[in-house]
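Read the structure below first, then the notes.
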Amino acid sequence: MPLLLLIAACGRTADEAATEASEATGATAVDVVELDVAEAGRRMAEGRLSSRQLSQAYLDRIAAIDDAGPTINAVIELAPDALAQADALDAERAAGRVRGPLHGIPVLLKDNIDAVGMANSAGSLALAGHRPADDAFLVARLREAGAVILGKTNLSEWANFRSSRSTSGWSSRGGQTRNPYVLDRNPCGSSAGTGAAIAASLATVGVGTETDGSILCPSAVNGLVGLKPTVGLVSRDSIIPISISQDTAGPMTRTVADAAALLSVLATVDPADPAGAAAEGRIADYLARLDKGALAGKRIGVLRQAMGYHPDVDAATEGALEALRAAGAEIVDPVEIATWRQWGGAEFEVLLYEFKDGLDRYLADSGAPVASLEALVAWNRDNADRAMPFFDQELFEQALAKGPLTDAAYLEARDSARRLAGEEGLLALLRDKQLDAVVAPTTGPAWPTDPVLGDHFTGAGYGVAAVAGTPSITVPMGEVRGLPLGLSFLGPAWSEAELLAMAYAFEQATLARRPPTFTPTLAP
């Protein structure tokens, strides 16, 4: 970026700096702040906007506020052919072919998803040169739907599964991602870069991944809608894994409608996914199912077991409950999960076993520069000054000590975790109380980023759905001193259409999302 623009970025708002950067490139200024899929598509259909102009505007904005200005540091790599993709899609539109709502829409992907032309590194310097030969199944779906793959986003290295003292949003390859609301606050993780980037309007929509909280937490603290689908609804092919039992990709967007549009493309049956066959007959037109009146008559339980850790979070949740009541929902308050948090030990055991097995398979099958978890541990030791300046790799070492997935200890832990969180936990509650959904605050406000002590989580309401393999969605519900808060809706397996509809009704009733302010720090 020219020095003049860098100085301007420091003296003006981030949005003004981004506009100036766009004008300096000679591009027609396009206001992409808070631009949603429907409006972008409408402008392209009317000939007032092209995919190239839209993609260039995002690239200019990334240069102005991600690489300079407030320096959010959310985007780790840009697709070298992003503008060529946009040109090809513009030519198709001119010829009368429009593939769907995502035609010409720029998308950012978390840097643990294979996409041709870019590295897939999980944020690790050990994989900085790893360039997969093929797209992940979900990336192929996006390309078929006409999306522009704009680039990759930073993440908590190895999706926060290297150390218990890790700092969310930091990776050895990408550095520290900042929260665009208050820059010295944490973006949560592990889909930190996707959360910060989409909040700051660096792309129209983004894709994150979750094992336990890695879509919902960064979505909540970055003021986004984040959807964790039922395990198996979205293919896990060619995504660097943690857990075959819990991993899934999902949408991270500024609106519920955008999440529905993105999920309508991502959701499909992948026969090669061990959980994929169960999605047959379960996929809906999620966008068409959105309804402002969807909360009327719904029975919604209040999970107060996931509250009480912050008075301002509790107050915001009470306000959200009033909005649900006003929208016609029947609030069942309180409800309790009989097995609350009893699954934690079994879940951790499952993750250790499945991480070793899954990562060894991914590294070997993809031709990565390190061929196994054992080789990765050794590489990190040999390059500790660059790879591990803040925290170690004790979770890697614990996983390395585990045996195969035929071990009795693994099988017992897998069955116990899913039973305690699912059949005897969330699913039992939904069934016994005849609930359509359960709500809880997603998590607390963003904490100050701390590379010495690591993350400072206060509480969360999403873990039970992650372990049960069932869907959850977070929607903005308010803020604490400018730091966003989210409300989570949890439902039974394959209830994405219903959860999206309820979340949409809540969103439209409250309109709680506010764009980020790029505040340097909170005044005392």
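The values are calculated or read from the model by the stated rules, or taken from the named source; none is laboratory data. These figures come from a predicted structure and were not determined experimentally. When we count neighbours, we look across all protein chains shown, and the Cβ atoms used for this are built from the backbone with ideal geometry, even at glycine. When the accessible area is computed, the model is the full protein with side chains, heavy atoms only, and any ligands, DNA or RNA have been set aside. Shrake-Rupley method; radii C 1.70, N 1.55, O 1.52, S 1.80 Å.
Brief remarks on what is shown
- Members of segment 77-117 found to be within 19 Å of the chain's Cα centre (by Cα) and either of a type in the set (Val, Ile, Thr) or open to solvent by less than 20 Å² (accessible area, probe 1.4 Å) (or both), listed by number: Leu102, Ile105, Pro106, Val107, Leu108, Leu109, Lys110, Asp111, Asn112, Ile113, Asp114, Ala115
- Enumeration of residues in segment 454-464 that are open to solvent by less than 10 Å² (accessible area, probe 1.4 Å) and part of a loop (DSSP other than H, G, I, E, B): Gly454, Gly461
- Leu49 being farther than 30 Å from Leu183 by Cα and open to solvent by less than 40 Å² (accessible area, probe 1.4 Å): yes
- Taking the criterion of being touching a residue at least 60 places away in the same chain (Cβ under 8 Å) and among the hydrophobic types (A, V, I, L, M, F, W, C), the residues of segment 25-53 that qualify are Val32, Val33, Leu35, Val37, Ala38, Ala40, Met44.
- The residues in segment 128-166 that are within 25 Å of Pro451 (Cβ to Cβ) and either without any contact (Cβ under 8 Å) to a residue 12 or more places away in the chain or of a type in the set (D, E, K, R) (or both) can be counted, and the count is 4.
- Residues of segment 507-521 that turn out to be over 22 Å from Lys292 (Cα atoms) and surrounded by 20 or more Cβ atoms within 10 Å (Cβ to Cβ), as a count: 2
- Of the residues screened, Asp135 is one that is of a type in the set (Asp, Glu), open to solvent by 20 Å² or more (accessible area, probe 1.4 Å) and farther than 21 Å from Ala460 by Cα.
- Exactly one residue among Thr211, Thr230 is farther than 16 Å from Trp158 by Cβ and either open to solvent by less than 10 Å² (accessible area, probe 1.4 Å) or β-branched (Val, Ile, Thr) (or both), and that residue is Thr230.
- Hits in segment 306-339 (condition: open to solvent by 50 Å² or more (accessible area, probe 1.4 Å) and closer than 30 Å to Ala417 by Cα): Gly308, Tyr309, Asp333, Pro334, Glu336, Ala338
- The residues of segment 385-431 that are open to solvent by less than 30 Å² (accessible area, probe 1.4 Å), more than 30 Å from Val332 (Cα to Cα) and touching an Asp or Glu at 6+ places or on another chain (Cβ under 8 Å), listed by number, are Tyr410, Ala413.
- Qualifying residue in segment 8-23 (condition: buried (at least 20 other Cβ atoms within 10 Å of the Cβ) and modelled with pLDDT of 95 or more): no
- Test for Ala261: is it among the hydrophobic types (A, V, I, L, M, F, W, C), touching a residue at least 12 places away in the same chain (Cβ under 8 Å), buried (at least 22 other Cβ atoms within 10 Å of the Cβ) and closer than 19 Å to Val439 by Cα: no
- Residues satisfying the stated conditions in segment 233-258, i.e. part of a strand (DSSP E or B) and open to solvent by 10 Å² or more (accessible area, probe 1.4 Å): Ile239
- Residues of segment 465-504 that are among the acidic types (Asp, Glu) and part of a strand (DSSP E or B): Glu479 alone.
- Some residue of segment 464-476 being free of Cβ contacts under 8 Å to residues at least 40 places away in the same chain and hydrophobic (A, V, I, L, M, F, W, C): no
- All conditions but one from (1) among the aromatic types (Phe, Trp, Tyr); (2) surrounded by 24 or more Cβ atoms within 10 Å (Cβ to Cβ); (3) under 19 Å from Leu183 (Cα atoms) apply to Tyr504; the one that does not is (3).
- Which numbered condition Pro369 misses (of (1) open to solvent by 60 Å² or more (accessible area, probe 1.4 Å); (2) assigned to a loop (DSSP other than H, G, I, E, B); (3) within 30 Å of Met307 (Cα to Cα)): (3)
- Enumeration of residues in segment 400-431 that are of a type in the set (A, V, I, L, M, F, W, C) and free of Cβ contacts under 8 Å to residues at least 60 places away in the same chain: Leu400, Ala401, Leu405, Ala408, Leu411
- Search result, residues across segment 124-143 that are farther than 16 Å from Gly206 by Cβ and assigned to a loop (DSSP other than H, G, I, E, B): Ser124, Ala128, Gly129, His130, Arg131, Pro132, Ala133, Asp134, Asp135
- Unmet requirement for Pro524, which otherwise passes all of (1) open to solvent by 30 Å² or more (accessible area, probe 1.4 Å); (2) closer than 30 Å to Thr71 by Cα; (3) in contact (Cβ under 8 Å) with a residue 12 or more places away in the chain; (4) not polar (S, T, N, Q): (3)
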